[in-house]
1. Take every DSSP beta bridge with both residues inside the stretch 87-141 and express the antiparallel ones as a percent of the total, to the nearest 5.
2. Which order do the peptides 49-60, 17-28 take when ranked by the mean count of other beta-carbon atoms within 10 Å per residue, highest first?
3. Over the alpha carbons of the stretch 13-57, what is the largest minus smallest coordinate on each principal axis, giving the biggest first in Å?
4. Using helices alone, what [θ] at 222 nm do you get for the chain, with -39,500 (n - 2.57) per DSSP H run of 4 or more residues, divided over all residues and rounded to the nearest 500?
5. Quick check: net charge around residue 24, other residues with Cβ under 14 Å of its Cβ, Lys/Arg +1 and Asp/Glu -1?
6. As I understand it, the value is the acute angle between the Cα axis of helix 25-35 and the longest principal axis of the Cα atoms of the chain; what does it come to in degrees, rounded to 10?
7. Rounded to the nearest 10 degrees, what's the angle between the helix 3-14 long axis and the longest principal axis of the chain, both from Cα atoms, 0 to 90?
8. Of the residues 70, 15, 39, which exhibits the maximal mean-square fluctuation in a Gaussian network model of the chain defined by a 10 Å Cα contact cut-off?
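The values are calculated or read from the model by the stated rules, or taken from the named source; none is laboratory data. Not measured: the values here are computed from a predicted model. Note: ideal-geometry Cβ built from the backbone for every residue, glycine included; neighbour counts use all protein chains shown. Accessible surface is based on the protein model in full, side chains and every heavy atom, while ligands, DNA and RNA are left aside. Shrake-Rupley method; radii C 1.70, N 1.55, O 1.52, S 1.80 Å.
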Amino acid sequence: MDERLIQLQKSLESKGYLVDVFADKEAARDFINSQLDGKVIGIGGSQTVKEMGLFEALSAHNEVYWHDNKPANLTVMETRQMAIKAPVYISSVNGISEDGVIVNIDFTGNRVAAISFGPEDVYLVIGTNKIAPTFNDALWRARNIASPLNAKRLNRK
């Protein structure tokens, strides 16, 4: 296993997080999907979750709220509100330092709010591309890689 990943796992576990490490996104998707059945789940805006196919897998046997695949009868904001109120919340991060400091820059605050307070269970999916050596490096990644990509995708400045 990658030394950065080992360090991050140790750091997060020392902070009280339960950490599972997977060989690839499919294994992570399958694990999360196996853990959640008959639940109400919220998902924050996340290209990582999208690339994993997690919404599709979970929607087969759960009630899932995600503004990227919103129900026809709800607005994007109503869908975000339903997601925040869900007992289970899934999100990715913009960056994370090897010592376990999570960095998110959030357009509406929905992900940060849900991760920080509310749901009974929060799952954070973190690709190795998100791991940075230090907090400043993780912040740089969030500001200079994740945020511009999100702004472009969402047609924002």
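1. On the way: 2 of 9 bridges.
Antiparallel bridges: around 20 percent, rounded to the nearest 5.
2. Values: 49-60: 17.7, 17-28: 12.7.
Per-residue mean Cβ counts within 10 Å order the peptides as 49-60, 17-28.
3. Taking max minus min along each principal axis of the Cα atoms, the stretch 13-57 gives 32, 24, 21 Å.
4. Values: 8 runs with 66 residues, N = 157.
-11500 deg cm²/dmol, from helical runs alone.
5. Around residue 24, the surrounding residues sum to -3.
6. The angle comes out at about 60 degrees.
7. Approximately 70 degrees, to the nearest ten.
8. 15
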